[in-house]
Amino acid sequence: MTLPPEVLRRTVTVLGSGGNVGSHAVKHLARLQEVERLVLVDPDTYSQKNLRVQDIEARDVGRKKVEVQKRQVRRINPSMEVVALCAPVEQVPPAMLRSAVILACMDSRQARLSANRITLGLRIPWIDSGVEGTGGLARISLYFPGLERPCGICAWDERHFATMEQRYPCSDGEETTAPTGAPSSLGGLAASLQVLHAQRYLAGELGPEDFGREMVLDTLYRRLSAPAFRRNPDCLAEHEAWDAQLLQQTPEELTLGDALQLAPGNGRRSLWVDASPFIGELACRHCGTSRRLLRHEASLLPRHDRCPSCRRRMLPVGSATWDRLEDGEFPRRILRRRLSRLGLRPGDVFAVAASGGTRRYELS
Amino acid sequence: MTRYEEIFHGFLQHQQEQGQKLADDSDLLELFPLGKSPAQRYIARYSCRGLIRTTEGEVQEADRFEVGIYFDREYLRRAAPHVLTWLGPREVFHPNISDRAPVACIGAIRPANPLVDLLYRVWEVITYRKKTTNEFDALNAVACQYARNHASRFPIDPRPLKRQTRYIQAQVSDGSARP
């Protein structure tokens, strides 16, 4: 995950790179001389309905969105390095998203929440975008990380959290996101605004003081508004940067016991992964099959949470779920388990705590 | 402690107080906080009447049900399906509770949904005040069919979860005076 600073300064990450906004943004970015490396993140594949609202061709239907975008970038700019990650942002090891700026083109609150967490933790400025089809609205919001700066959820209240996508035990555990219903042109407009600001930031024309605001373009009534955000002292996001120390070891080389020893001070030691509890058991509500494992939630892949009997998605069992792994709470053999077996991957950031406080580490 | 941890700590403290208050005011609920205080994990034991199905297939009333509640560190920002675990009995017979997996569906659990609200909703489900009659949503399709055919039987237990206090004004009389 260690990239030379000069490459990092010319890297841009696009979250939701295959969607209504993202599919336009990627092509604009491919043409920027300030960018030499792109990280594309999108979990989906293109379907027939995407043809009308996204910048793709008929032959792309059925293909992974990130792969289609990667191919298009290569066609525009063969020298650009493209990293394509076909996964939801919540499941990508955070350090893989390290870049000069992140463009978020997502339609889910859950994904925005994750993007906000990662950008605050890794101290990366980000530009969010959104479109509203019926109102003809295109929006971009600029956030610069910092303890005293407004973040992407400073303005959220309980209504925003209440409309978060959710997994229900009685609907096969699948999350649902409503389509934006926005035309391709509106997505293109939001993408252009987003990339214009990203370009100015990369060129040094925008500084931290130009962030913390929003630009909303009302194409129906031809109005533009640009309000500024305020830092909410009771914001539910953790504004503290992680300042993770890079470990030379890979998750294959480090055991849980070794990792716990990295905690400062003495006393009871614990290890956790932010926003991803450790799951000890999965259960299938259809056939009753249960599976014991110990992995952090963000690392669960279909091969872990698909029921071996009926192939449906299994659900985590609350009584076997833990925020933190604490020494003394688990048998000794768990301490000998390699971090890779607990679901930690290169680029993951984990925290350890003991009497001396908390420290974070990034895995190679 | 970060600001979020302070807010979460305050939330947990309030939930424990409110949950304990409800349990103290109830004849049908016992609440057991687990771990250090304020608790993130609870076991709630209900002694209201609900239904079970025996191995012979007979539907009977029972009066001991248990759920586990877990507020993970993300609970104020994201409510995951693992908030609630059905602990028993395994033979429970209800459309919203699986008889195969430790899973119960009490409807949408929003981030920061209060403990008392969850406790009430579980009680409503156990006593059949709330049930899904749609087999596609049901965690137990046989119970769903049963619920449709026996609607007049519900709620199984009419007693309220919270003990009701009634003030009765009484006058002692020697019987000589006419009312």
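Across chain A, the mean sequence separation of Cα contacts (distance under 8 Å, 6 or more residues apart), normalised by length, yields a relative contact order of 17 percent. Where in the stretch A:192-215 is the amide nitrogen less than 17 Å from a point lying 7 Å along the Cα-to-Cβ axis of A:Leu224? Residues passing the 17 Å test: A:192-201, A:206, A:210-211, A:213-215. Computed extension length for B:Met1-B:Arg159: 52.5 nm, one decimal, from 0.36 nm per residue of separation with the Cα-Cα distance subtracted. The charge dipole of the protein assembly as shown, taken about its Cα centre with unit charges on the Cβ atoms of Lys, Arg (+1), Asp and Glu (-1) only, comes to about 920 debye. For the pair A:Gln245 and B:Val172, a Förster radius of 60 Å applied to the C-beta separation gives a FRET efficiency near 0.15, rounded to the nearest 0.05. Per residue, the convex hull spanned by the Cα atoms of the stretch A:245-362 amounts to 101 cubic angstrom.
Note that the stretch B:71-78 has calculated 3J(HN,Hα) couplings of 9, 6, 4, 8, 4, 6, 10, 7 Hz, one per residue in order, obtained from phi through the Karplus relation 6.51 cos²θ - 1.76 cosθ + 1.60 (θ = phi - 60°); glycine and proline are x.
The residue list B:Tyr42, B:Thr133, B:Val92 was ranked by how far each Cα lies along the charge dipole of the stretch B:37-163 toward its positive end, using unit charges on Cβ atoms, and B:Tyr42 comes out on top.
Give me A:Thr321, B:Thr165 ranked fewest to most by other Cβ atoms within 10 Å of their Cβ, as a rough exposure proxy.
Details: A:Thr321 21, B:Thr165 6.
Neighbour counts put them in this order, fewest first: B:Thr165, A:Thr321.
Return the lysines within reach of A:Lys27: Cα separation strictly under 28 angstrom, same-chain partners fewer than 8 residues apart disregarded; answer none if there are no such residues. Here the lysines satisfying the reach criterion relative to A:Lys27 are A:Lys49, A:Lys64, A:Lys65, A:Lys70.
From the Cα gyration tensor of the stretch B:55-119, with a ≥ b ≥ c the square roots of its eigenvalues, which class applies: rounded if a/c is under 1.5, or else prolate if a/b is larger than b/c, or else oblate? The shape class here is prolate. Between B:Gln60 and B:Asp25, the modelled labels are 3.5 nm apart [label points 7 Å from Cα along Cα→Cβ].
The stretch A:222-299 and the stretch A:6-42 have Cα centres spaced 26 Å apart.
Given the protein assembly as shown, what percent of its DSSP beta bridges are antiparallel, to the nearest 5?
Counting DSSP beta bridges with both partners in the protein assembly as shown, the antiparallel share is about 75 percent.
Amide hydrogen proximity for A:Thr45: with H placed 1.01 Å from N in the peptide plane, the residues at 5 or more positions away or on another chain lying under 5 Å are A:Lys65.
With a simple spin-label model that places each label point 7 Å from the Cα along the Cα-to-Cβ direction, the separation between A:Thr358 and A:Ser79 comes to 4.4 nm. Under 5 Å from the amide H of B:Leu51 lie the amide H atoms of B:Ala62, B:Phe93, each residue being 5 or more positions distant or on a separate chain, with H modelled from the backbone and absent for Pro and chain starts. For chain B, the square roots of the Cα gyration tensor eigenvalues, ordered a ≥ b ≥ c, give a/c of at least 1.5 with a/b no greater than b/c, which places it in the oblate category. Residues in the stretch A:98-111 carry Karplus couplings, in order, of 4, 6, 6, 8, 10, 9, 9, 10, 10, 10, 10, 5, 4, 5 Hz; the curve used is 6.51 cos²θ - 1.76 cosθ + 1.60 with θ = phi - 60°, and Gly or Pro positions show x.
For A:Ala84, the residues whose amide H sits under 5 Å from its own are A:Leu40, ignoring neighbours fewer than 5 places away on the same chain, with H placed 1.01 Å from N.
Roughly speaking, what is the centre-to-centre gap between the stretch B:117-174 and the stretch B:63-84 when only Cα atoms are used, to the nearest Å? Comparing the Cα centres of the stretch B:117-174 and the stretch B:63-84, I get a distance of 21 Å.
All Cα-Cα separations within chain A were binned at 10 Å from zero, giving a P(r) of 5, 22, 31, 26, 12, 3, 0, each value a whole percent of the pairs.
Going by how many other beta carbons lie within 10 Å of each one, how would you line up A:Asp305, B:Asp24, fewest first? Let's see the in-between values first.
Working: A:Asp305 20, B:Asp24 11.
Lowest to highest Cβ neighbour count: B:Asp24, A:Asp305.
In chain A, helical runs assigned H by DSSP with n ≥ 4 each contribute -39500 (n - 2.57); averaged across all residues and rounded to the nearest 500, the mean residue ellipticity at 222 nm is -6000 deg cm²/dmol. Ordered by the number of other Cβ atoms lying within 10 Å of each residue's own Cβ, fewest first, B:Tyr167, B:Tyr128 fall into the sequence B:Tyr167, B:Tyr128. Each label was represented as a point 7 Å from its Cα along the Cα-to-Cβ direction; for A:Thr134 and A:Cys310 these points are 3.6 nm apart.
Classify the stretch A:1-158 as rounded, prolate or oblate from the Cα gyration tensor: take a ≥ b ≥ c as the square roots of its eigenvalues, call it rounded if a/c is under 1.5, otherwise prolate when a/b beats b/c and oblate if not.
oblate
Using a 4.7 Å Cβ-Cβ cutoff, the cysteines of chain B lacking any partner cysteine are B:Cys48, B:Cys144.
Values in this text are rule-based calculations from the coordinates and carry no lab data. Values in this document were obtained by computation on a predicted structure and should not be read as measured data. Because the Cβ atoms are built from the backbone with ideal geometry, glycine has one as well, and the counts that use them run over all protein chains shown.
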